[in-house]
Amino acid sequence: MAKLTKAPIAIEIVRRIDELFAIERDINGKPPDERRTARQDRSKPLVAALEGYMREQYERLSPKNAVAKAIRYMLVRWGSFTRFLDDGRICLSNNAAERALRGVALGRRNWTFAGSDEGGRRAAAVYSLMTTCKLNDVDPRAWLANVLATLPDHPMTRIDELMPWAWKARIEVAVNAPTAVAA
């Protein structure tokens with residue numbers, strides 16, 4: 001059996017990235033402006049040090065080295081990686097996006113039977129609406145049932161009122177509206 005060798009440079013890079021994730025755990029759930037401020041104060045110096053370390057190590061390694069290839073991959077995309085520092089709405093990782101797409105990947109075999117290209121486009125539109133519901137904290141089944149019942153009598157010029165975020169606002173107003181008391 002081949003002996004596994006450790007890559008101390010890779011281990012150090014991962015350790016430094018873990019420090020960034022620790023900061024993200026501290027600021028998780030805070031408003032975007034607070035997250036941006038914390039990132040500017042705490043994460044930005046760590047990111048600058050990480051970039052310096054990676055560039056220094058990259059120069060020492062053979063371009064064919066696996067760690068060098070990984071470093072080059074990240075350095076080429078450095079602007080995209082560091083975008084989170086200036087915008088408190090952006091996550092450090094894309095885990096949430098990948099989780100959102102997981103259902104698409106799991107259902108991919110089902111999409112083969114959409115029937116046609118147009119059927120595939122319609123399935124994609126419905127899937128997009130279901131995901132929009134989830135992102136707006138709307139129960140997709142409740143929304144769809146209500147919209148399908150409302151749609152036949154609803155004017156096409158006001159279709160935007162049926163979008164999940166507008167629907168949610170209308171439902172919340174209806175639930176919180178004071179009820180009339182009979183005298």
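The values are calculated or read from the model by the stated rules, or taken from the named source; none is laboratory data. All values derive from a computational prediction rather than experimental measurement. Using ideal geometry, Cβ is built from the backbone for each residue, glycine included, and neighbour counts are taken over all protein chains shown.
Couple of notes before you dig in:
- Applying a threshold of 7 Å to beta carbon distances and a minimum spacing of six or more residues, or different chains, the list of pairs starting in segment 97-111 at a residue that is in a helix (DSSP H, G or I) and ending at one that is at pLDDT 70 or above and not aromatic (Phe, Trp, Tyr) reads 100/131; 111/120; 111/123.
- Residue match in segment 123-132 (condition: modelled with pLDDT under 95 and in a loop (DSSP other than H, G, I, E, B)): no
- Every residue from segment 30-64 that is aliphatic (A, V, I, L, M) and in contact with a Leu (Cβ under 7 Å, 6 or more places away or on another chain): 46, 47, 54
- Scan segment 46-104 for residues that are among the acidic types (Asp, Glu) and closer than 20 Å to residue 9 by Cβ and the total you get is 3.
- Segment 129-170, subset surrounded by 13 or more Cβ atoms within 10 Å (Cβ to Cβ) and polar (S, T, N, Q), residue farthest from residue 98 (Cα to Cα): 146
- As for segment 66-81, it holds no residue that is within 28 Å of residue 137 (Cβ to Cβ), in contact (Cβ under 8 Å) with a residue 60 or more places away in the chain and touching a helix residue (DSSP H, G or I) at 6+ places or on another chain (Cβ under 7 Å).
- Here residue 32 does not qualify as over 24 Å from the mean Cα position of the chain (by Cα) and closer than 16 Å to residue 84 by Cβ.
- Here residue 52 passes the criteria (1) in a helix (DSSP H, G or I); (2) at pLDDT below 95 except the one numbered (2).
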